[in-house]
Amino acid sequence: MPTLLPRPSILSIEPYVGGESKIPGVNRIVKLSSNEGAFGVPPGAQAAYARLAAELHRYPDGSATALRAAIGARFGLDPARIVCGNGSDELIGALILAYGGEGTELVMSAHGFVMYDIAGRYAGCRVIKVPERDLTADVDAMLAAVGPRTRLVFLANPNNPTGSMLPAGEVARLRAGLPEEVLLVLDSAYAEYVTRPDYDPGTALVEAGTNTVMTRTFSKIFGLGGVRLGWCYAPAHVIDILNRVRGPFNVNAPAMAAGIAALAEPDWVETSVAHNAEWRARLSEGLRAAGIGVHPSEGNFILADFGTAERAKAADAALKQRGLIVRMMGAYALPQALRITIGTAEECTMVLDALTGFMRGANG
Ligand SMILES: *Cc1c(COP(=O)(O)O)cnc(C)c1O
């Protein structure tokens, strides 16, 4: 045993395991394990990133002025109330360290996004995972879990990995039931993909009070997971805190250039949303017809339930044989399920064919 030890809570963290990207012996793989957008990198973002190559000796603009202006213009938000991050993961971690820490509690739903748990433990918070109803956050149960030590409540909406979404009224009810001194973080990483009309990504609640933050990302629909770019919209006093604790150059210059260009890519979001809605429905219906449970999803992925961990593992192996990589869900205590990202039409068809064949074999 080394005598040098971290704070005890850190040893309780299970290291994050990202989506796999290789299968030994298979050359052509289809990666549907990390919810990266179906269409790759927007062409304009690729060009903008490349143009920055000759400027890499320069420090980036530490206040991300141009990017915040572009985000504000695109989403109708005040750029002064935006902070950009090295992925939204960075902002999630900064909020938890700033408002949580030893002696405090962080409340999340049972199958909420795993980074809240990791960052919460890192900060020394007690992380409370609240049981869900039908794999959906239960507002009453979350409110009941809040105590005098609670400082942060996290809700991914839609949630990864379940795809569940709470309508705007339910999220407002959550906020209304929380004490003033509790920060509600609404993680809207998949906001653009939502097709239900009763949705609000959190903008209205951020603007209505002083204790709600919305986080967003360029990693999903904007196809920029590799450059690490996220942002949040928050009350002015929270923006002030984040600007004190973040690294002075936390977002790199090519990432900002790519992000600005991605926002300007003509029809990118519209095309992606239409494709996603169509193939999310087709894949869900096809898998249900094959006898696989599919949870309703508002994201760019679906959660396929095989009933048992053994069958999910066998299905994963059948997919891998065809070069298809999806995400096993053991880390989310859902070992009976696989999370499958909505890819191109061809990729979705490959998944459907493989799993239909697998179910015939399993039942035959
Ligand atoms: C993918 C994802 C993120 C994005 O994180 P980045 O650090 O911006 O890449 C955040 N929250 C949820 C729920 C996600 O699924």
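The values are calculated or read from the model by the stated rules, or taken from the named source; none is laboratory data. Computed from a prediction, not measured in an experiment: that's the story for all the values here. Every residue, glycine among them, receives a Cβ derived from its backbone with ideal geometry; neighbour counts consider all protein chains shown. Areas reflect the complete protein model, heavy atoms only, side chains present, ligands, DNA and RNA absent. Shrake-Rupley method; radii C 1.70, N 1.55, O 1.52, S 1.80 Å.
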Phi to ³J(HN,Hα) by Karplus 6.51 cos²θ - 1.76 cosθ + 1.60 over the stretch 85-90, Hz, x for Gly, Pro: x, 7, x, 5, 3, 4
Cut-off under 5 Å, modelled amide H: who pairs with LEU324 long-range: VAL30
Accessible solvent surface per residue of the stretch 43-264, calculated while the other protein chains remain in place, 1.4 angstrom probe, Å²: 39
Intensity falloff of the chain expressed as log10 I(q)/I(0), Debye formula with alpha-carbon point scatterers, at q = 0.07 Å⁻¹: -0.31
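Carbon and sulfur atoms: what percent of the 1.4 Å accessible area of the chain do they account for?
Values: 8920 of 15840 Å².
With neighbouring chains kept in place, the figure for the chain is 56 percent.
Please find the FRET efficiency linking ASP267 to GLU207, where r is the Cβ-Cβ separation and R0 is fixed at 41 Å, and quote it to the nearest 0.05.
Details: r = 29 Å, r/R0 = 0.70.
Between ASP267 and GLU207 the formula returns 0.90.
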J(HN,Hα) series, the stretch 338-352, from Karplus relation 6.51 cos²θ - 1.76 cosθ + 1.60, nearest Hz, glycine and proline x: 10, 9, 10, 6, 6, x, 5, 4, 4, 5, 5, 5, 4, 5, 4
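Among 178-185, 227-234, what's the highest-first ranking by average C-beta atoms within 10 angstrom per residue?
Details: 178-185: 17.0, 227-234: 25.2.
Most protected by this proxy first, the peptides run 227-234, 178-185.
Tell me the relative contact order for the chain as a rounded percent, counting alpha carbon contacts under 8 Å between residues six or more apart.
Numbers: 700 pairs, mean separation 86.1, N = 364.
Across the chain, relative contact order equals 24 percent.
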Distant-in-sequence amide H partners of GLY87 (H built 1.01 Å from N, under 5 Å): LEU229, GLY230
Backbone HN-Hα couplings from phi across the stretch 48-53 [Karplus 6.51/-1.76/1.60, Hz, Gly and Pro as x]: 5, 4, 4, 4, 6, 4
Alpha-carbon centroid distance for the pair the stretch 104-181 / the stretch 62-101, whole angstrom: 21
Fully extended contour minus Cα-Cα distance, from LEU143 to LYS22, at 0.36 nm per residue: 39.4 nm
DSSP beta bridge pairing in the chain, given as percent antiparallel to the nearest 5: 50
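When ranked by the protection proxy of mean other Cβ atoms within 10 Å per residue, highest first, what sequence do the peptides 206-216, 84-94 form?
Values: 206-216: 20.9, 84-94: 23.3.
Final packing ranking: 84-94, 206-216.
Could you tell me what % of all Cα pairs in the stretch 1-115 have separations over 17 Å?
Numbers: 5102 of 6555 pairs.
It works out to 78 percent of all Cα pairs.
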Estimated [θ] at 222 nm from DSSP helical runs (n ≥ 4, -39500 (n - 2.57)) normalised by residues in the chain, nearest 500: -12000 deg cm²/dmol
